[in-house]
Amino acid sequence: MNAPVTTIRTEAEQGLVDAFTAAAPSLPGGVAVTAARAAAFEAFSRTGLPHRRTEAWRYTDLRRFMRDAKPLAPFPNLDLAATAATAGFIAADLDFRRLVVVDGIFMPSLSDLSGLEEGLTIRSFGAVLGEDAPLLPDVLRDALPEYDPAMALNAALARDGVWISLAPGVAIERPLHLVFVSTGESPTSVFSRSRVTLGAGARLSLLETHEAADGVAHQVNAALGLLVGDAAELTHVKVTAEGDAVLHVGSLIASVGARAKISTCGFALRGAVVRNQMFVRLAGADTQAEISGVSLLGGRQHVDQSLLLSHAAPGGTSRETFKAVVDGTAHAAFQGKIAVEQAAQQTDARMMARALLLSEEAEAYCKPELEIFADDVQCGHGATVGTLDDQLKFYLMARGIPAKEAETLLIQAFVGEVLDGIAHEGLREALTAATVNWLEARA
Amino acid sequence: MAAVQETIDQVRRIDVEQYKYGFVTDVESEKAPKGLSEDIVRYISARKNEPEWMLEWRLEAFRRWQTMREPEWARVNYPPIDYQDLHYYSAPRKKPELASLDEVDPEILKTYEKLGIPLREQEILAGVVRPEGERRIAVDAVFDSVSVATTFQAELKAAGVIFMPISEALREHPELVRKYLGSVVPVSDNYFATLNSAVFSDGSFVYVPEGVRCPMELSTYFRINEKNTGQFERTLIIAGKGSYVSYLEGCTAPQRDENQLHAAVVELVAMDDAEIKYSTVQNWYPGNAEGVGGIYNFVTKRGDCRGARSKISWTQVETGSAITWKYPSCLLRGEGSSGEFYSIAISNGRQQVDSGTKMMHIGRNTTSRIVSKGISAGRSQNTYRGLVSAHRKAKGARNFTACDSLLIGDQCGAHTVPYMEAKNPTAVFEHEATTSKISEDVLFYCVQRGLSQEEAVGLVVNGFVKDVLQQLPMEFAVEAQKLISISLEGSVG
């Protein structure tokens, strides 16, 4: 009954194998990094791209979305790279420290590295890898499932990104803005890896944006590691606003120390296929986490926000809120799991996932999951899928508000629940404005 | 907290002594030789005097099964099952045709007496201990691979209801069986259903004709007795237009050190305006405190709301089995049809439960409700896994799901894995789940008012599962309540 398994690769998988074979010798890294890359790729080539039967990727079938693998992005063309100066539109009016990554390469020349606050170090991730620093420290590896295909590919192929470190006790007022841009005029594969390390008691606010032009089918794989030290505080917002042909697979891996606070929000605005996966491990006791997501989808977009949140130590509190507004023939997916390990007594975790379907052909998939091994916990999750409440709409219309406007108000309120939680006022306003624009474009 | 430590210790002490149905009946039986092959399938079919088409059906299932792989997605761990090391057929040796119940082996009768299952109509009718006016239940008693007795057949027949072992139905009503068998759970539905299709031995067949309200509760009592056997029963219930039937199912098995396989298939078909209420109290032997022995319970249950405004309601109390893998589902095809799933799953010792439901909204204005309560104690793992989906044409589909888990002790796990898939914007799905331990505040409140700690826990647990217990027919509710206290004895008293 057990027939021998032969590996049949899809065109995309074969393309990735070829790309890795060709690129491996030139990728930065010492002996350890090179070995880790080879091991990661080996693991990937055994399993291939995730598909419908890969449970964690159930709703985002990469075999279907990736017909082929685009060639690896070359070193950025400096003329094109200059266009990156206008990227990061969301924070255009905000005085954030811009750190620009073009086609997966950190560009100090386009970044604002002047007057760095004391205790803040910003380097190229490639340079750090060149010193054979680990691709993924053990504490971050603990946050990941045993194997994740996107992370394996990223480990194998990422060349560069931003490496940020903040010394213990330092609080930085001016937020950092990681600007990721894919520039090539023909489709490329872009792999980047970045890391932010916060020493004990440090404080930082971080915005991450991803952009690319319409009509070019880039395949973006971006990973960001967050190491949050004891009693540190980190707020993070990620905006995906890439072109209408881009496939974006983003991974966030975070390890949070004792009494630390983390807040992260994934805001999916544009892009053909977006898979935004978050792996957060509350490693220290008494942590607080706020994890949220907003997906605004129309046309034929596919957005999958997924979360694996591990409560690994006692006394953690977490709140997860995910909202999706789905129009056109778009598909929204949410897969979220709260795992409470046996040590994590007195955990208090709440997860809410809601999808709003605005059109006949919109679809929403939702899988909120609880996995609990500790008994003294309060955990809950809720999920709803539905369309706009006619009664609420009627209420507004009865008060003289036109139907379309009433809808817009209701949707804005729906998304507002998440956006209101964003601490930085300017950024909150910018995201609210982006939501309003999206709603107006829809109407 | 001292109380918690005490509870844990008591939970650990829970042993098989608490399993009251672990005795073995000593009857001479005839068994098929061990192993599974086409010959065994032919043997089973021949023993049952089945028509030729049935044999072909089984053989096709067997061939399919050989090409399939055992599913691995459920959160259950068990050593590989050696499918060749089982007897696929075992029946108490008996005279060729039984004229009356008196000819049934007295040992078997005694078994059912011990289990508290009334097989003698006259006793039931005599009503010695039963109060006036209490409802009567017709029982089909399945012992290993065969049905040994079915009560009240005549009375039911007068009402037009067919209630008989499926093996008998295959001979007496082949056209009905042929029409509906496998129409809800197709032969190749899943690994265990396919295996069942090849080797199923007995089970109940119910046909309620148009407009008939079944005059009494129907029930089947499954008992695995023989060593090294698997039980593969098949139940088929058809409710004609506007009819109503309530069906109960109970199961027990002796205490044995080896694991035994139970892979059943239940198919329900509800026509226009029909209602089927299907209740299960599953109390297979769960294995001992160290996880030795116990039944592997891999069951496929599915109801098809084929007609408009039909309704299928599943209620289950799961306390037994070493492993439970069971997802009673509803295909809501008829316009305005509705499905319900009420479940209490209690796991203790080293039991593993992976259970839940699927509500597939296909027709317009279909509704479903899911209420699932999981209680894990000891070193058990208890998973709720459910799917609610709305087909593109399922306008106005509505679902409400609530699944709550309660943890007693810190060695156990409770998991919730719901899937929601909406392909229609007018579908409204709501899901809520909570997991917690019994709140100290609530316990304190009770204790302060003079209840002992254990009474207080018992009270809270009973309140926790009340929503589901209320859905059980009276006869079962009492049994279920007893079961819950047995299962949690030591931890809740």
Legend entry - Selected residue [without any contact (Cβ under 8 Å) to a residue 12 or more places away in the chain and among the aliphatic types (A, V, I, L, M)] from B:A193, B:A158: B:A158
Inset, instruction - Give the residue that is farthest from the other protein chains (Cβ to nearest Cβ), with candidates limited to residues of the range B:438-473 that are crowded, with 18+ Cβ neighbours inside 10 Å, touching a helix residue (DSSP H, G or I) at 6+ places or on another chain (Cβ under 8 Å) and assigned to a loop (DSSP other than H, G, I, E, B). - result: B:L472
Inset, instruction - Kindly provide the set of residues from the range A:56-103 that are in contact with a Gly (Cβ under 7 Å, 6 or more places away or on another chain) and closer than 30 Å to A:Y147 by Cβ, ordered by number. - result: A:D68, A:A69, A:A73, A:V101, A:D103
Inset, instruction - Among the numbered conditions (1) in a loop (DSSP other than H, G, I, E, B); (2) polar (S, T, N, Q); (3) more than 30 Å from A:T21 (Cα to Cα), tell me where A:S186 comes up short. - result: (3)
Inset, instruction - Tally the residues that are assigned to a strand (DSSP E or B) and either of a type outside the set (S, T, N, Q) or more than 8 Å from chain A (Cβ to nearest Cβ) (or both), restricting the search to the range B:410-430. - result: 12
Inset, instruction - Go through (1) touching a residue at least 12 places away in the same chain (Cβ under 8 Å); (2) out of contact with any His (no Cβ under 7 Å at 6 or more places or on another chain); (3) more than 17 Å from B:V468 (Cα to Cα); (4) not polar (S, T, N, Q) one by one and return the number of the condition B:P425 breaks. - result: (1)
Inset, instruction - For the range B:199-228, name all the residues that are more than 10 Å from B:V245 (Cα to Cα) and part of a strand (DSSP E or B). - result: B:S204, B:F205, B:S219, B:T220, B:Y221, B:F222, B:R223
Inset, instruction - With the checklist (1) hydrophobic (A, V, I, L, M, F, W, C); (2) farther than 24 Å from A:D61 by Cβ; (3) within 12 Å of chain B (Cβ to nearest Cβ) in hand, flag the one item A:V325 doesn't pass. - result: (2)
Inset, instruction - Please indicate, with yes or no, whether at least one residue in the range A:183-193 is at pLDDT below 95 and out of contact with any helix residue (DSSP H, G or I) (no Cβ under 9 Å at 6 or more places or on another chain). - result: yes
Legend entry - Number of the condition not met by A:G386 [criteria: (1) surrounded by fewer than 17 Cβ atoms within 10 Å (Cβ to Cβ); (2) over 30 Å from B:I375 (Cβ atoms); (3) within 7 Å of chain B (Cβ to nearest Cβ); (4) not hydroxyl-bearing (S, T, Y)]: (1)
Legend entry - Filter pass, A:S205 being small (G, A, S) and either in a strand (DSSP E or B) or closer than 17 Å to A:R270 by Cα (or both): yes
Inset, instruction - Considering every residue within the range A:113-136, establish whether at least one is aromatic (F, W, Y) and farther than 19 Å from A:V239 by Cα. - result: yes
Inset, instruction - Test A:A231 against the stated conditions and say whether it is small (G, A, S), closer than 24 Å to A:E425 by Cα, buried (at least 24 other Cβ atoms within 10 Å of the Cβ) and over 15 Å from the mean Cα position of the chain (by Cα). - result: no
Legend entry - Condition met for B:S343 (on the phi < 0 side of the Ramachandran plot, of a type outside the set (A, V, I, L, M) and out of contact with any helix residue (DSSP H, G or I) (no Cβ under 8 Å at 6 or more places or on another chain)): no
Legend entry - A:R281 being within 13 Å of the chain's Cα centre (by Cα) and buried (at least 23 other Cβ atoms within 10 Å of the Cβ): no
Inset, instruction - Can you give me the number of residues within the range B:65-77 that are away from every other protein chain (no Cβ under 12 Å) and under 21 Å from B:D189 (Cβ atoms)? - result: 1
Legend entry - Hey, A:F334 more than 10 Å from chain B (Cβ to nearest Cβ) and either within 18 Å of the chain's Cα centre (by Cα) or under 22 Å from A:I422 (Cβ atoms) (or both) or not: no
Inset, instruction - Spot the failing condition for A:G271; the list is (1) closer than 20 Å to A:L178 by Cα; (2) touching a helix residue (DSSP H, G or I) at 6+ places or on another chain (Cβ under 9 Å), and only one is missed. - result: (2)
Legend entry - Matching residues, the range A:112-132, being touching a residue at least 40 places away in the same chain (Cβ under 8 Å) and of a type in the set (S, T, N, Q): A:T121
Legend entry - Scan of the range A:409-426 for residues that are surrounded by fewer than 16 Cβ atoms within 10 Å (Cβ to Cβ), more than 22 Å from A:S318 (Cα to Cα) and in contact (Cβ under 8 Å) with a residue 40 or more places away in the chain, ordered by number: A:G426
Inset, instruction - Could you tell me whether the range A:391-403 includes any residue that is within 30 Å of A:R203 (Cα to Cα) and either facing chain B (nearest Cβ under 9 Å) or not small (G, A, S) (or both)? - result: no
Inset, instruction - Evaluate the range B:36-57: report whether one residue or more is closer than 24 Å to B:S321 by Cα and either without any contact (Cβ under 8 Å) to a residue 12 or more places away in the chain or in contact with a strand residue (DSSP E or B) (Cβ under 9 Å, 6 or more places away or on another chain) (or both). - result: no
Inset, instruction - Kindly establish whether B:A433 is crowded, with 23+ Cβ neighbours inside 10 Å, facing chain A (nearest Cβ under 7 Å) and at pLDDT below 90. - result: yes
Legend entry - Checklist (1) touching a Leu at 6+ places or on another chain (Cβ under 6 Å); (2) farther than 21 Å from A:A241 by Cα applied to A:V326, failing item: (2)
Legend entry - helices (runs of 4 or more DSSP H) contained in the range A:333-443 and holding at least 3 residues in contact with a Phe, Trp or Tyr (Cβ under 9 Å, 6 or more places away or on another chain) and either of a type outside the set (D, E, K, R) or closer than 25 Å to B:F400 by Cα (or both): A:403-419, A:425-442
Inset, instruction - Tell me, yes or no, whether the range A:148-166 has at least one residue that is on the phi > 0 side of the Ramachandran plot and touching a residue at least 40 places away in the same chain (Cβ under 8 Å). - result: yes
Legend entry - Filtered residues of the range A:352-377 (kept if crowded, with 23+ Cβ neighbours inside 10 Å, more than 7 Å from chain B (Cβ to nearest Cβ) and either in contact (Cβ under 8 Å) with a residue 40 or more places away in the chain or charged (D, E, K, R) (or both)): A:L356
Legend entry - Residue check, A:E405 modelled with pLDDT under 95 and farther than 24 Å from A:S292 by Cα: yes
Inset, instruction - Return yes when A:T432 is among the hydroxyl-bearing types (S, T, Y) and within 14 Å of chain B (Cβ to nearest Cβ) and no when it is not. - result: no
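The values are calculated or read from the model by the stated rules, or taken from the named source; none is laboratory data. Keep in mind that what you see is a predicted model, and the values were worked out from it rather than measured. Because the Cβ atoms are built from the backbone with ideal geometry, glycine has one as well, and the counts that use them run over all protein chains shown.
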